[in-house]
Amino acid sequence: MTPDDLMFKPGLMKGERILVTGGGTGLGRVMAEACLALGAEVYICGRRGGVLEETARELVDAHGGKVVGIACDIRVPEAIGEMLDRIWSDGGALTGLINNAAGNFISRTEDLSPRAFDAIANIVFRGSFFVTLDCGKRWIEEKKKASVVSILTTWVWSGGPFTVPSAMSKAGLNVMTQSLAVEWGTKGIRFNAIAPGPFPTEGAWARLSPGQAAESSRSMASNPMGRVGEMRELANLAVYLLHPLSAYVNGQTIAIDGGAWNAGGGGFQNLRDWDDAQWAAAREMIRGASLTPSFSPGPLHWRRVAALLLLVLAWPAGASPDPTPQSPDPPPPAAAKKPVATPVPRPRYPTVDEALALAPPPSTAQSRTPPPLRSRVPIPSLTVDDTCRSACAQSYYFCAAGEPGDCGGSFSQCSAACDAPNLAAGVPDLAP
């Protein structure tokens with residue numbers, strides 16, 4: 001991002017202190033960069049400490065100023081409190097908050113498990129509210145003015161078929177925006193939201209359509225402007241809503257999608273034409289992407305699912321998942337019975353308790369006392385190998401993808417128990 005990408009004068013955000021949740025990558029990083037380039041002090045949080053540190057270093061190298069990355073799981077209220085204590089002690093109250101952290105994946109709603117719903121709602125809905133509430137209590141106590149911007153989607157107006165957990169969670173944030181704009185507006189705390197259309201990053205579109213520009217995607221055919229959004233367009237809108245000179249804008253959700261919502265609502269309505277074979281293939285692709293070694297345990301990210309969408313949207317309803325053309329079989333004799341396929345047994349993965357039981361007994365050389373964790377939940381000192389981490393991830397993803405089977409145990413407890421010794425040993429946290 002260069003000064004020419006921003007419509008505002010240099011130094012516009014000087015004196016502002018902004019927190020961006022999910023600020024290490026994607027839209028969060030772009031908005032954090034715009035605030036920094038205009039003079040704000042910026043804090044970015046997420047669950048991958050290494051990604052945050054790298055992003056902070058790159059942004060400071062490009063623009064100077066101050067960016068602080070803080071590893072924080074916003075699903076845990078105690079972790080949020082610790083993060084905000086650190087921010088407030090590092091220069092005073094925040095002046096702005098961007099609720100950007102999110103997660104999503106496509107699924108028929110009847111295939112969802114409770115764990116799948118929680119994987120989205122605990123971040124988008126509960127986590128964003130927890131951050132807003134903790135900041136709000138501090139602002140009210142200190143009689144500080146502030147601006148909160150939440151990143152939503154146009155599904156809050158039209159519904160989100162096949163993304164129901166995300167649509168419900170985003171709609172909840174929309175109501176929070178409208179409600180607190182009235183309740184806390186008299187205290188000088190403003191609430192607005194942005195409902196973006198597709199704003200793809202370069203890496204995401206390289207995986208979506210190799211060798212094709214984003215503008216050539218068939219997904220843009222129904223957009224009145226015939227293109228995807230530019231990152232600077234979103235960044236400029238976010239800066240405007242955060243700045244004190246937009247003080248009379250309160251309680252609004254602004255779509256920035258080229259008019260796509262007005263033209264047809266956007267979303268995944270076309271997936272209603274999929275048959276069982278297409279959903280089975282989609283599920284296998286999602287599960288395969290989830291369990292690749294390069295993907296850290298956590299909710300499925302929309303960018304990893306988008307590749308699936310473009311591949312399957314071109315797949316006509318009723319088509320066989322086998323790409324090999326086959327000639328039609330002759331009709332069976334009248335007396336012949338249709339062969340029954342032998343079901344392939346689904347492998348059973350260990351439960352959390354079984355995985356932890358597989359770990360060797362701790363020894364003085366192997367075991368380390370973990371440092372205080374963000375959740376403030378005591379974690380026993382133990383030795384953990386790849387078996388534990390693998391079982392956590394596999395159990396979590398099969399549940400999140402709506403797979404039947406053993407989903408017992410708590411993923412968050414399992415992940416914390418697996419990672420505690422690794423954190424003490426200086427190994428990066430596996431959670432995103």
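Worth pointing out:
- For GLY103, residues with placed amide H under 5 Å, excluding near neighbours: VAL124
- ³J(HN,Hα), Karplus 6.51/-1.76/1.60, whole Hz, each residue of the stretch 43-50, x for Gly, Pro: 10, 10, 10, x, 9, 9, x, x
- Prolate/oblate/rounded call for the stretch 55-101, Cα gyration tensor, a/c under 1.5 rounded: prolate
- Taken along the Cα-to-beta-carbon direction at a fixed 7 Å, the label points for LYS66 and VAL182 span 3.8 nm.
- Residue pairs exceeding 22 angstrom between C-alpha atoms, taken from LYS143/LYS170; LYS14/LYS144; LYS14/LYS66: LYS143/LYS170.
- Phi-derived couplings, Karplus 6.51 cos²θ - 1.76 cosθ + 1.60 at θ = phi - 60°, listed residue by residue for the stretch 152-169: 10, 7, 5, 4, 5, 9, 10, x, x, x, 6, 9, 4, x, 5, 4, 5, 5 Hz, with x used for Gly and Pro.
- Sorting the segments 183-191, 143-151 by their residues' average number of neighbouring beta-carbon atoms within 10 angstrom, most packed first, yields 143-151, 183-191.
- For ILE140, the shell of other residues with beta-carbons less than 15 Å away shows a net charge of +3, using +1 for Lys and Arg and -1 for Asp and Glu.
- Residue order for TYR43, TYR248, fewest other beta carbons within 10 angstrom first, comes to TYR248, TYR43.
- Listed from fewest to most Cβ neighbours within 10 Å, the set MET31, MET7, MET13 follows the order MET7, MET13, MET31.
- For VAL68, the residues whose modelled amide H falls within less than 5 Å of its own, excluding neighbours fewer than 5 places apart on the same chain, are VAL42, TYR43, ILE44.
- Dipole of the stretch 1-87, positive direction: furthest Cα of ILE70, THR2, CYS35, with charges on the beta-carbon: CYS35
Read-outs: derived from the displayed coordinates by stated rules, not from any lab. Keep in mind it's a predicted model, so treat the numbers as computed, not measured. Here Cβ is always computed from backbone atoms with ideal geometry, including for glycine, and neighbour counts include all displayed protein chains.
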